[in-house]
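Student: Pasting in a structure now, in C-alpha cells, and then I'll have a few things to ask.
The values are calculated or read from the model by the stated rules, or taken from the named source; none is laboratory data. For clarity, every value in this text was computed on a predicted model and none was experimentally measured. Here the Cβ positions follow ideal geometry from the backbone for every residue, glycine too, while neighbour counts run over all protein chains shown. For accessibility, only protein heavy atoms count, side chains too; no ligands or nucleic acids. Shrake-Rupley method; radii C 1.70, N 1.55, O 1.52, S 1.80 Å.
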Amino acid sequence: MTRWEAIRNGSILFYRFADPPWGEIPHGFLTRRGGVSAPPFASLNLSHSVGDDPAAVAENLRRAFAAAGLRPEETVTAWLVHGNRVLVVDARHGGAALKGVDGLITAERGLALFMRFADCIPVLLADPDLPAVGLVHVGWRGLAAGILESALEAFERHLGRGPSALHAALGPGIGGCCYAVGPEVIEALGPRLGPALLLRRRNGAWHLDLPEAVRLHLRRLGVPAVITAGICTACHTGLWFSHRAEHGRTGRFGVWIRNP
Ligand SMILES: [Zn+2]
C-alpha cells in the first residue's frame, strides 16, 4: 500500500507518495496554498498564462521552488498544448521552458522536470535502475492523441528502457465523480481505449473516469505497476485548482520529479 503524505515547508504545502515502489526519487504535488495571488488564483498559482498578476506568479514560483528544493537553472518545464509530443532533455535544457510539449523525460542526474496542472492527470514515470524519470500531462486530448505511447516510445528509443522497467504514478486530477464529457470526447477516446474507456451515467450525463482510464491504459501498454493519489481536483478546490469546477477562472498547481 502506497501512502500519500503532506509536507509543510514554510507557507507551502505539498504532497508526495511516502513509500513509492521506485524508492528515493524526489517528487511532489504542490497544493494551491501558501502563495500571494488573489482570487480566483488564490493563492499559489504558478502559471503566467491564466491572467494572474505576473509579480504574484513570480513570487509564487520563488516560494514553490524553494519549498521543493528545486533550482530554476536545473529544472526544465514546458508550455503544455494537450498534444502528444515528448522530449528527452538533459543538462543543456536546464532553466528552459519548452514550447508545444506535454511530456518530458531525462536521464540526467540531478535534473528536475516541472509542469502545471488543473484537472489533467500528472503522470510520473520512474526508472530507478538507470536512473531516469519522466513527467507527462494527460488530459483527454493528449490521451486520444497518444501521449502515453509517445512517452513510452521515447524511453525505449532514446534510453533503451522498455515499459517493464518503469514505474508510474498518477497525481491529483479530475475524477469520474466530476467529469461529465460530451460525445466528442467519447468518440476521440473510444478507438484508443476500448474497454478502458470507463463511462458511467450520472444525472443524465456521461462521466469519464480519466485517472482510471490512464491507469488501465498504462498497464495495457506494459507498465507493470501504476500507483494513484486517488484525489479528485474538482472535489477538493480548497487544496487544488480545478479548471472544470471553477469554470475556467483559476490557477495552476505545480508538479515535479527530479532524477536522483
Ligand atoms: Zn470529484
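Student: Within segment 227-260, track down each residue that is open to solvent by 30 Å² or more (accessible area, probe 1.4 Å), not β-branched (V, I, T) and not in a loop (DSSP other than H, G, I, E, B). Write out each step before concluding.
Tutor: Pass one, segment 227-260, residues open to solvent by 30 Å² or more (accessible area, probe 1.4 Å): 228, 230-231, 235-239, 243-249, 252, 258, 260.
Checking which are not β-branched (V, I, T) leaves us with 230, 235-236, 238-239, 243-249, 252, 258, 260.
Listed by number, the list holds a single entry, R258.
Student: Is it the case that some residue within segment 166-175 is at pLDDT 95 or above, more than 16 Å from the ligand (Cβ to nearest atom) and in a loop (DSSP other than H, G, I, E, B)?
Tutor: Of segment 166-175, the ones at pLDDT 95 or above are 166-175.
Those still in the list that are more than 16 Å from the ligand (Cβ to nearest atom) too: 166-169.
Still in the list and also in a loop (DSSP other than H, G, I, E, B): 166.
Yes, that holds for at least one residue.
Student: Please find, within segment 1-46, the residue that is most open to solvent (accessible area, probe 1.4 Å) out of those that are at pLDDT 95 or above and of a type in the set (V, I, T).
Tutor: Of everything passing the filter in segment 1-46, V36 is most open to solvent (accessible area, probe 1.4 Å).
Student: I'd like to verify a number: residues in segment 123-146 that are open to solvent by less than 10 Å² (accessible area, probe 1.4 Å) and within 16 Å of the ligand (Cβ to nearest atom), how many?
Tutor: Final tally of qualifying residues: 1.
Student: Looking at E149, E156 in this structure, which one is away from the ligand (no atom under 15 Å from the Cβ) and open to solvent by 50 Å² or more (accessible area, probe 1.4 Å)?
Tutor: E156
Student: So if I check each of P191, P224, which one is touching a helix residue (DSSP H, G or I) at 6+ places or on another chain (Cβ under 8 Å) and open to solvent by 50 Å² or more (accessible area, probe 1.4 Å)?
Tutor: The unique qualifying residue is P224.
Student: Okay, next question. Taking the residues in segment 176-188 that are more than 16 Å from the ligand (Cβ to nearest atom) and closer than 16 Å to V214 by Cα as candidates, determine which candidate is surrounded by the fewest Cβ atoms within 10 Å (Cβ to Cβ).
Tutor: Out of the qualifying residues, it is I186.
Student: Continuing with this model, one more query. Are there any pairs, at least 6 apart or on different chains, whose C-beta atoms fall under 7 Å, with the first in segment 45-69 and outside any helix (DSSP H, G or I) and the second open to solvent by 50 Å² or more (accessible area, probe 1.4 Å), and if so, which?
Tutor: As it stands, the answer is N45/R252; L46/R116; L46/R252; S47/R116; S47/R252; H48/P54; V50/R252, since those pairs meet every condition given.
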